[in-house]
Amino acid sequence: MPVTLEQAQTLASRVIAKAAEQAMTVGVAVVNERAGTVLVVGMDGSRPFTPDTAHGKALGTVLWGMAGERLEGRGNNAVFDYVSELYGRRVVYAKGSALLQRDGVVQGAIGVSGATPDTDEALAQEAAANY
């Protein structure tokens with residue numbers, strides 16, 4: 001079953017609470033297993049592009065089936081660039097995302113943006129571990 005809006009809201013709330021504890025402002029996005037948008041949100045004070053960047057990270061992760069850490073830098077590859085073109089150049093190949101899985105089945109992905117790349121990745125991975 002794909003990730004639900006309620007589950008996405010819970011995940012985003014946890015990421016936002018964790019970011020606020022560390023005095024960071026982030027954007028969070030959750031997509032379902034078919035790259036459909038479930039939720040995109042930005043914390044008060046986050047940069048205007050942060051939620052969209054989080055969405056792009058989540059897209060890349062669910063489309064390729066791997067976390068942002070493994071996708072980082074692949075945008076210069078012809079096939080990866082082609083996929084980005086298919087999705088209106090909205091796919092972001094960078095740290096800050098994780099697959100959402102249950103019993104080994106991909107149900108979606110979460111993307112985080114606005115902190116450092118390593119912190120974005122850690123927040124996404126922690127959220128996914130608690131999915």
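Bear in mind these aren't lab numbers, they're just calculated from the coordinates by the rules spelled out. All values derive from a computational prediction rather than experimental measurement. Note that each Cβ is placed from the backbone with ideal geometry, even for glycine, and that neighbours are counted across all protein chains shown.
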**Report entry** Two-site label geometry, residue 116 and residue 79: point separation in nm, points 7 Å out along Cα→Cβ
**Finding:** 3.3 nm
**Report entry** Theoretical gain in end-to-end length, residue 1 to residue 17 [0.36 nm per residue, Cα-Cα removed]
**Finding:** 3.1 nm
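Evaluate the relative contact order of region 7-131 (contact order divided by residue number), counting alpha-carbon pairs under 8 angstrom at least 6 apart; express in whole percent. The partial results should precede the final answer.
Numbers: 284 pairs, mean separation 35.2, N = 125.
Over region 7-131, the number comes to 28 percent.
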Report task. Averaging sequence separations of C-alpha pairs under 8 Å and six or more residues apart, then dividing by the length of region 75-117, give the relative contact order as a whole percent. Result -> 27 percent
Query raised in the report: When volume of the Cα convex hull per residue in Å³ is calculated directly from the model, which label among [x] 148; [y] 165; [z] 90 fits?
Result: [z]
Query raised in the report: Within a Cβ distance under 15 Å of residue 89, other residues only, what is the Lys/Arg minus Asp/Glu net charge?
Result: 0
